[in-house]
Amino acid sequence: MIYIHATGIHNTIPTSGQPDLRAELKAMGADNRRSDHFMRLAVIGAHKAADGHELPAETAVYMTSGQGNTAVFNRICSALRIEKNLPKPVDFINLLSNSTGFYIASHLGLAGRNIFLTHHHFPVQMTLLTAQNDITQGLQQTILAGGVDEWQTRPQLARKLMGIEETTVLGEGSNWLLLSPERENALAVLEVEKRCINEEELTLRLRAESKHHDITIAFAPKITKSQAARFMNQYPSFKRHNYEAACAYYETLAFYALNSFIAAHKKGRLLHIDCGTNGYMLMTVEIIP
Amino acid sequence: MVSIIGGALLSALGNPPRRIEALRHGRAEPGTLETMIGRDRVSYPYYRLDHKPRPIDPAVINGYLDEVMEKLGRKLALNPAELGNCGIFLGSSAIDYYQAAVLEQAVMNDSTADIENQRAGGGCYAERLARRIGCDGPCLTYNTACTSSANALIDAAAMLAGGIIDHALIFGLEITSAMTLQGFIALQLLSRSRVRPFDIKRDGMILGEAVSVVLLSRTEIRPSTWHYLSGGSLSETYTVTGANPDGSGIAMVMAAALKDAGLTPHELTAIKAHGTASEAMDSAELRGMKRVFERLPPYFSLKPYIGHTLGGCGVAELVLTMECIEAGFIPPTMNFNQLEPEFRQPPLQQARAVKSGRFMLNYFGFGGNNTSFIIEKTP
């Protein structure tokens, strides 16, 4: 169990290409040089979570992404295969996932642990599980944990890579949580299930949750509409967090689901349900009134 | 407490007897790798683990991961399926290989490419390994440049200590890619001759391939004479390409690992340095060590033996270090001749008899990512 002290939400539904973020970044006092769209997106989200907080220099950055910085990969491929040139040094460096973490740390003046990690099905849950374990173990005192996914410049190909339907609208987002073991001044309590659970265990868990008051459920995009409807019918006291209405698809949407719930509620408990080939993965957020 | 049960490695040094022979006597030579720059075919020294062609093909990488896992199973007489509550942790600087195959084709043909309608992404290799081995714990993939698999190992140890898992398989993965080679050529960081870590005449790194795995377990479940004692992982923002030249960031992470282990600097038996032979980073590393250690313990670099295996070096160099100590020695740093005048203690130049002790392993990478962990071998 760990505490959420701040959220940073940057969530957009681009209509034609990647939005230009340079003005927004400049207004935050961040350096635009050598960074690209993916990095700018990351810095903006992290800045929003850190804004108004005096972060200790040893604050760690745990970042994840579904597809990573694919635009820079495209640029390098074009240089190598079409233009027959060496990649630009800056592109090659930016291709490394943790270069983005460097720009976040640089902007916020951090010198703590800085990692980029991912998971095939549950990038958000596994990043938060790692953060939860490190805070519980006393290995970290403050962690800025976030997920970043940019709007894909080759949307049809991206949908295939993400295994989603051709009609799915793509979005982009950079959503961050400021985590610590301290309850004082916290917005909410976060708990990430340590392992996947099966259908039967999920039923038991939902039954137990139904004894609480003021339960809201958020379903990840992989939970089908019919599955979601079935859960909601079984537990009519549960409310639904319709975060989907304000966003389009990207693979770290789970961060947005949690953050938008915290931003919109002064009390209550959110149960976030996601699924992969090994079963269901649960996260709960309980607002501290 | 966390036990290190054992490891396996595929690298340019060949099988374990050949590796021990090479490391004891300081003998290894890189091969070469050709690449196209514009219309010119150029050749660079490269430590390859075999001479098979290297298309960007996930199947090739999966094949190496399976092979190294089978080697570990045989070495430890272990059926991985018996491990039960086991996590998979994979570190690589090139986790995007899986998308690369498809994206590269799409860019070249300006097409959407014909692929199966299933998700691809950086976590694919770890996910496939977990399914194949039958692990139901977390399976995480790390990309923190040259510290990737060292960071994976630190998190695996933390999850073992936290009781989330009972066992952890940590993989280091680095396979040749034209993109990586050409990126380093563009950065002008490669030597055209030899890797000379810490030598005054060093002129850059030579890249290498390695696929490696190490098994960690909770000591109460699977004891061992090897233990993971502590790890430090910090970042610095002096420059995106590495550490502050004054060595302050490097010193901080080593001090953090020592503090976490409850050790004083003089209690270390030896240090496996990062020692890439890059002009700036080797000096920063020496200055960092100078800040922490009044008198340096013996230190060595493994890069002249297998090359710089980037994100894979965390686990690959751990396996090599453990193999040397199991064989009763710590290895010399090949190709070293003379230090710069500001430094006093050279790296180890002859193999030294060591059978047990506490060893610090250091890794530093792009993005200002610094990682250091300490292991112990009891007699």
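All other residues whose Cβ lies under 13 angstrom from that of B:Gly91 are scored, Lys and Arg at +1 and Asp and Glu at -1, for a net of -3. Checking every one of the GluC sites (Glu not before Pro) in region A:1-77 against DSSP loop status and a limit of 13 other Cβ atoms within 10 Å picks out A:Glu54. If R0 is taken as 45 Å, the Cβ-Cβ distance between B:Glu326 and B:Gln188 corresponds to a FRET efficiency of 0.70. Here the spin labels are modelled as points 7 Å beyond Cα on the Cα-Cβ line, and at B:Lys355 and B:His51 they lie 4.1 nm apart. Counting 0.36 nm for each residue step from A:Glu54 to A:Thr153 and taking away their Cα separation leaves a gain of 32.0 nm. The largest-to-smallest principal axis extents of the Cα set in chain A are 62, 44, 30 Å. Judged by the mean number of other Cβ atoms found within 10 Å, the most tightly packed of the peptides B:274-280, B:242-248, A:229-235, A:123-129 leads the ranking A:123-129, B:274-280, B:242-248, A:229-235. Amide H to amide H distances under 5 Å link A:Gln140 with A:Ile135, where only residues 5 or more positions off or on other chains count and H is placed in the peptide plane. Shape summary of region A:189-287, radius of gyration then Dmax from alpha carbon positions: 12.5, 35 Å.
Where only DSSP H runs of four or more residues are counted, chain B gives -10000 deg cm²/dmol as its mean residue ellipticity at 222 nm, each run worth -39500 (n - 2.57). Each peptide in A:176-187, A:9-20 gets a packing score, the mean of other Cβ atoms within 10 Å over its residues, and the list from highest to lowest is A:176-187, A:9-20. For A:Gly173, the shell of other residues with beta-carbons less than 11 Å away shows a net charge of -4, using +1 for Lys and Arg and -1 for Asp and Glu. Across all Cα pairs in region A:20-106, the calculated P(r) in 10 Å bins from zero up to the longest distance comes to 16, 45, 29, 9, 2 percent per bin. Sticking with the crude label model, points 7 Å out along Cα→Cβ, report the distance from A:Ala228 to B:Glu294 in nm, one decimal please. Between A:Ala228 and B:Glu294, the label points sit 6.5 nm apart.
Translational diffusion coefficient of region B:251-356 (Stokes-Einstein, Kirkwood radius from Cα pairs, 25 °C, 0.890 mPa s): 170 µm²/s. For the segment B:148-161, counting C-beta atoms of other chains within 10 Å of every residue's C-beta and taking the mean gives 3. For B:Gly242, the residues whose modelled amide H falls within less than 5 Å of its own, excluding neighbours fewer than 5 places apart on the same chain, are B:Gly367, B:Gly368. Dipole magnitude for the protein assembly as shown: about 760 debye, using +1 per Lys or Arg Cβ and -1 per Asp or Glu Cβ, origin at the Cα centre. Placing a pseudo-label 7 Å from each Cα along the Cα-to-Cβ vector at B:Thr219 and B:Phe343 gives an inter-label distance of 3.3 nm. Taking a point 7 Å from the Cα of A:Arg33 along the Cα-to-Cβ direction, the residues of region B:227-271 with backbone N closer than 13 Å to it are B:239-240. The alpha carbon centroids of region A:157-183 and region B:30-51 are separated by 38 Å. 3J(HN,Hα) along region A:117-126: 9, 8, 8, 4, 9, 10, x, 6, 4, 6 Hz, from the Karplus curve 6.51 cos²θ - 1.76 cosθ + 1.60 with θ = phi - 60°, whole Hz, x for Gly and Pro. Among A:Ala158, A:Gly173, A:Leu144, which residue has its Cα furthest toward the positive end of the charge dipole of region A:137-261, with +1 on Lys/Arg Cβ and -1 on Asp/Glu Cβ? Of A:Ala158, A:Gly173, A:Leu144, it is A:Ala158. Per residue, the convex hull around the alpha carbon atoms of chain B comes to 132 Å³.
Considering only B:Ala186, B:Gln349, B:Cys124, and ranking their Cα positions along the charge dipole of chain B that arises from unit charges at the beta-carbon of Lys, Arg, Asp and Glu, the one farthest toward the positive end is B:Gln349.
Amide H contacts for B:Gly208 (H built 1.01 Å from N in the peptide plane; partners 5 or more residues away or on another chain; cut-off under 5 Å): B:Tyr47, B:His308, B:Thr309, B:Leu310.
Rounded to the nearest 20 debye, the dipole size of chain B about its Cα centre is 1100 debye, using +1 on the Cβ of Lys and Arg and -1 on the Cβ of Asp and Glu.
Residue by residue along B:227-236, Cβ atoms of other protein chains within 10 Å of the local Cβ number 4 on average.
Ranked by the mean number of other Cβ atoms within 10 Å per residue, highest first, peptides B:46-53, B:251-258 order as B:251-258, B:46-53. Applying D = kT/(6 pi eta Rh) to the protein assembly as shown, where Rh is the Kirkwood radius over alpha-carbon pairs, T corresponds to 37 °C and eta to 0.692 mPa s, the Stokes-Einstein value obtained is 131 µm²/s. Dividing the summed -39500 (n - 2.57) terms of all DSSP H runs of n ≥ 4 by the residue count of chain A sets its mean residue ellipticity at 222 nm at -10500 deg cm²/dmol.
For region B:1-90, the gyration tensor built on C-alpha atoms gives an oblate shape. Its axis ratio a/c (a ≥ b ≥ c) is at least 1.5, and a/b is not larger than b/c. Paramagnetic label reach from A:Val169 (point 7 Å along Cα→Cβ; backbone nitrogen cut-off under 20 Å): within region A:195-232, residues A:219-226. In order along region B:229-242, the Karplus-derived 3J(HN,Hα) couplings, from 6.51 cos²θ - 1.76 cosθ + 1.60 at θ = phi - 60°, round to 9, 6, x, x, 8, 9, 10, 9, 10, 5, 8, 5, 8, x Hz, and Gly and Pro are given as x.
Subtracting the Cα-Cα distance of B:Ala178 and B:Glu82 from 0.36 nm times their residue separation leaves 30.7 nm of extension gain. For the peptide B:180-189, the mean number of other protein chain Cβ atoms found within 10 angstrom of a residue's Cβ is 5.
The numbers here are math on the coordinates, done by the rules we state, and not lab data. Every value quoted in this text rests on a predicted model; they were computed, and no experiment measured them. Note that we place each Cβ from the backbone using ideal geometry, even for glycine, and neighbour counts take in every protein chain shown.
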